[in-house]
Amino acid sequence: MSGLQPPRGTHDLIGDTMRRHHHVVETARSVLETYGFEEWSTPIFEDTRVFSRTLGETSDVVSKEMYTFEDRGGESITLRPENTASICRALVTNGLTQSLPQKAFYHGPMFRYERPQKGRYRQFHQIGAELLGAEGPLRDAEVITMAYDILKALGLSEHVVLEINTLGDIASRQAWREALVAYFRQHADALSEESRVRLEVNPLRILDSKSEQDRALLADAPAFADYLNDESRKFWDGLRSYLTAFGVEFVENPRIVRGLDYYSHTAFEFVTTKLGAQGTVLAGGRYEGLVEQMGGPAVPAIGWAGGIERLALLLEDAPAVPAGIAIVPMGDEALLKGAAIARSLREAGLRAEIETRGNMKKRMERVVKSGASHAIVLGDEEIARDVVQLRDLGTRDQQEVSVADLVQALKGA
Ligand code: ATP
Ligand code: MG
């Protein structure tokens, strides 16, 4: 049988890759906890309606990217393409809509049938946060600042720019939408074929188009800013003042509409120029109707999701493997003693490995290559006196230490 490959667009996370991934999640976790967010974990697959009802039938995700199948019982199941809809479903299913606000974060694999390229996969991982029951623009600014703090803790704040936009409320969007449709109708000939279809089903999505042809037309399209009603304008002003109060810099980008249907007012993205076309590393916005669509009350919310692979690619260096301690027992009796020593070091929280194969020279070569900080060498002579030779592999100093004092000697080192 020829060697099996992982499915297209999927990856094994091993070694450096896994350490980078882990570093992103753990760094984010420590910042999220300072804001009072707690981890939630929802199933990786859901009833298809959790996504099809909420993300919008015409969104890229629902129309062409979902992994949907019928299970053996005939239920339509979808591997989650994102986690916001599931979190809203979980809020309702767990009876938490009367205990607001809820501050949830999650991380894990998401699935989208996309054309794989650098920074774009079919199984990828997101870390995200949702503030459910978020009453006003202060909360939006706070949740965006939390994302910024995570990027900063990862050492990426210099490499990303925060872009924000307002999508206003429904009334403002309706007025603007009419103006946009009129404009695009006038220039329908110049639109890409895909966008001519969008014009009929969901014209706002043309703003998100990646086609050069469409982008050229967008320059003179009616600006949403001219269609904001008073309430929406107040929200937008509030967002910008609170971001400034939190000390977070931003640029306004009227092009940010986000790919999914459920957003209102705030939309934002953290973008970098370092990942080619896959420049958005973390994105989100305010959504007001999702919880209702899951059968709950109206719960305004703000949230975001970051692509762990894209964040991991941006990290300067992979986090180092912590240096361990190598135990090198020479002879059968030393092996028994070495096993007991390994156990006591591990119980003391030290990383210890036993090196058993080959002659002394071979073993020491492997130990040095492993990056160990110390080697503990013992043979018959050491056992007789209940001591070991402790070698510091950095300074190359060697000293004789009694077995009873070993943990202390290593912890002090
Ligand atoms: P894009 O415009 O790049 O397709 P999106 O709008 O579909 O992104 P979201 O649904 O907002 O992305 O997901 C949030 C983040 O998750 C993105 O900013 C990105 O970092 C990451 N992401 C989304 N899709 C993928 C993917 N297929 N592979 C890797 N990361 C992804
Ligand atoms: Mg996408």
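The values are calculated or read from the model by the stated rules, or taken from the named source; none is laboratory data. Keep in mind it's a predicted model, so treat the numbers as computed, not measured. All Cβ positions, glycine included, derive from the backbone under ideal geometry; neighbour counts span all protein chains shown. Remember, those area values only see protein heavy atoms, side chains included, never the ligands or the DNA or RNA. Shrake-Rupley method; radii C 1.70, N 1.55, O 1.52, S 1.80 Å.
A compact table of results
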quantity	calculated
Scan of the stretch 42-66 for residues that are without any contact (Cβ under 8 Å) to a residue 60 or more places away in the chain and either within 14 Å of ligand 2 (Cβ to nearest atom) or in contact with a His (Cβ under 8 Å, 6 or more places away or on another chain) (or both), ordered by number	51, 62, 63, 64, 65, 66
Hey, residue 328 of a type in the set (Val, Ile, Thr) and open to solvent by 70 Å² or more (accessible area, probe 1.4 Å) or not	no
Filter result (away from ligand 1 (no atom under 16 Å from the Cβ), β-branched (Val, Ile, Thr) and closer than 26 Å to residue 140 by Cβ) within the stretch 282-323	291, 299
The one condition in (1) at pLDDT below 95; (2) open to solvent by less than 50 Å² (accessible area, probe 1.4 Å); (3) within 14 Å of residue 270 (Cβ to Cβ) that residue 158 fails to fulfil	(2)
Qualifying position, being assigned to a helix (DSSP H, G or I), within 16 Å of residue 59 (Cα to Cα) and within 16 Å of ligand 2 (Cβ to nearest atom), among 206, 256	206
When residues of the stretch 112-158 are limited to those that are more than 16 Å from ligand 2 (Cβ to nearest atom) and among the basic types (Lys, Arg), the one farthest from the chain's Cα centre (by Cα)	139
Test: residue in the stretch 227-243 that is assigned to a loop (DSSP other than H, G, I, E, B), exposed (fewer than 14 other Cβ atoms within 10 Å of the Cβ) and of a type in the set (Asp, Glu)	no
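For (1) more than 30 Å from residue 271 (Cα to Cα); (2) part of a loop (DSSP other than H, G, I, E, B); (3) out of contact with any Gly (no Cβ under 8 Å at 6 or more places or on another chain), each residue gets a yes or a no:
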site	(1), (2), (3)
318	no, yes, yes
327	yes, no, no
333	yes, no, yes
337	yes, no, yes
341	yes, no, yes
349	yes, yes, yes
361	yes, no, yes
